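Chemist: This is the structure, below, for whatever I ask next.
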Amino acid sequence: MPASPDARREKLSLYIKTLAQQSCFDVCRITDAETEPRLATDLGGYVAAGHHGTMAWMEETAERRAAPTTLWSEAKSVIMLGMNYGPGEDPRGLLEQRDKGNISVYARNRDYHDVIKGKLKEMAGKLAARSGAQVKVFVDTAPVMEKPLAAKAGLGWQGKHTNLVSRDFGSWLFLGSIFTDLDLVPDEAEIDRCGSCRACLDSCPTNAFTGPYRIDARRCISYLTIEHKGAIPAEFRPLMGNRIYGCDDCLSACPWNKFASTAREMKLQPRADLMTPPLAELLALDDAAFRTLFSGSPVKRIGRDRFIRNCLIAAGNSGDAGLADHCRRLLADPAPDVRAMAVWALSRLGRLENIRELLSEETDDSVLAELDRAERHR
């Protein structure tokens, strides 16, 4: 006698969770492909306020983000998966090593997009082969609202820092999703367990949170060091400390991290050379050396010039006069943003002497403006 539709749904749902375990995902839950209408309203208000900064793709894809069925009309269920990338210790401890660069926990090894997408494709392929279903996989880069879907599926809840929080993994989960036309058994949504806690909000160095569950990306160090092109506004530079790619402060501050464990996926465990890289070595990177050092890393996508811009800000915040010579050499760098931040770094280190003599006659106005500003405040 053939299995009933409900029995088949349950069997497939259990099979999916077994596949997830075999694929080294730490958590797997299922939800339907419908999204609450308020999410589209919230996203629209966020974009209208300009809080997305220069991330134009958020505005361009807002309509498709509104619901999974808007992105793919045949979707009936969404399989949400999480992979733990928890660090071995509180990453905020690295902020005291001011002569070292502080790279966000998630970017200290392989690009998680590549790691997770490969596993999702393998898992989705097995599901399609067994069930005959249509499947599509997504990891962050597509217009999918992963965090609300993850909360609806029961992986965790969106904390006041706007990121997902898990009772089992704290703030350290990478998310991926598989859309399918299968009608699967949905899991229960998680409730918000933040309570009156505001540790994440109070930890932000730049006061990027306009309130609980609301962030202005234009003030966020992760946005400024990764997404923002050109000069970083002067008001934020001293607050960046030695953060040269991303920021983990609000994630690290969450009390739920006491239940977190370290990543078990080897490709997500930190490379020793990216844990506390000396700023002196990073400032010496040309484009080829940058690409070699960060091969396979998400850091590579911002390019050498933007990365060196960040490193120069960290050098200026270091108080280490020994870095002045490295900064001075970058006054002749081909990139205007690099030259401008070299000026800023030297001004912070008290080494502005003879700078004008080192600048070429074709120096950009932005570099000269930075020097004028530095000399006025000397």
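Chemist: Go through region 210-310 and name the GluC sites (Glu not before Pro) that are in a DSSP coil and have 16 or fewer other Cβ atoms within 10 Å of their Cβ.
Modeler: When the GluC sites (Glu not before Pro) of region 210-310 are filtered for loop state and at most 16 Cβ neighbours within 10 Å, Glu235 remain.
Chemist: Through the Karplus equation 6.51 cos²θ - 1.76 cosθ + 1.60, θ set to phi - 60°, convert the phi angles of region 74-88 into ³J(HN,Hα) values in whole Hz; use x for Gly and Pro.
Modeler: Result, ordered by residue: 8, 5, 10, 9, 10, 9, 9, 10, x, 10, 5, 10, x, x, x Hz.
Chemist: So, one more: Roughly what would the spin-label model give for Leu352 and Ala199, points 7 Å off Cα along C-beta, in nm?
Modeler: 4.2 nm
Chemist: Now, a different point. Using every Cα-Cα pair within the chain, state what percent have a distance larger than 37 Å.
Modeler: Within the chain, distances greater than 37 Å cover 27 percent of Cα pairs.
Chemist: Give me the compactness ratio for region 195-314, meaning the Cα radius of gyration over 2.2 N^0.38 Å.
Modeler: Here the Cα radius of gyration is 1.16 times the empirical estimate.
Chemist: Just the isolated ones, please: cysteines in the chain lacking another cysteine beta carbon under 4.7 angstrom.
Modeler: Result for the chain is Cys24, Cys28, Cys194, Cys197, Cys204, Cys220, Cys247, Cys254, Cys311, Cys327, no neighbouring Cys Cβ within the cutoff.
Chemist: Give me the log10 of I(q) over I(0) for region 151-252 at q = 0.23 Å⁻¹, as the Debye formula computes it from C-alpha points; what are the numbers?
Modeler: Computed log10 I(q)/I(0) values: -1.22.
Chemist: Looking at region 206-314, which trypsin sites (Lys or Arg not before Pro) are in a loop (DSSP not H, G, I, E or B) and have at most 16 other Cβ atoms within 10 Å?
Modeler: Lys229, Arg264, Arg271
Chemist: Fully extended, how many nm does the chain gain between Met266 and Gln134 (0.36 nm per residue separation, minus their Cα-Cα distance)?
Modeler: Once the chain is fully extended between Met266 and Gln134, it gains 44.5 nm.
Chemist: On to the next question. Cut-off is 10 Å between beta-carbons; in what order do Ser177, Ser23 appear when sorted fewest neighbours first?
Modeler: By the 10 Å Cβ count, ascending, the order reads Ser23, Ser177.
Chemist: Only Cα pairs within less than 10 Å get springs; with that Gaussian network setup on the chain, which residue of Leu12, Leu120, Leu279 has the largest fluctuation?
Modeler: The residue that fluctuates most here is Leu12.
Chemist: Let me ask something else about it. Pairs of Cα atoms under 8 Å, at least six residues apart: use those to get the relative contact order of region 1-270, whole percent.
Modeler: 27 percent
Any read-out appearing in this document is the output of simple, stated calculations on the displayed coordinates, not a laboratory observation. Since this is a predicted model, take the numbers as computed values, not measurements. With ideal geometry, Cβ positions are generated from the backbone for all residues, glycine too; neighbour counts draw on all protein chains shown.
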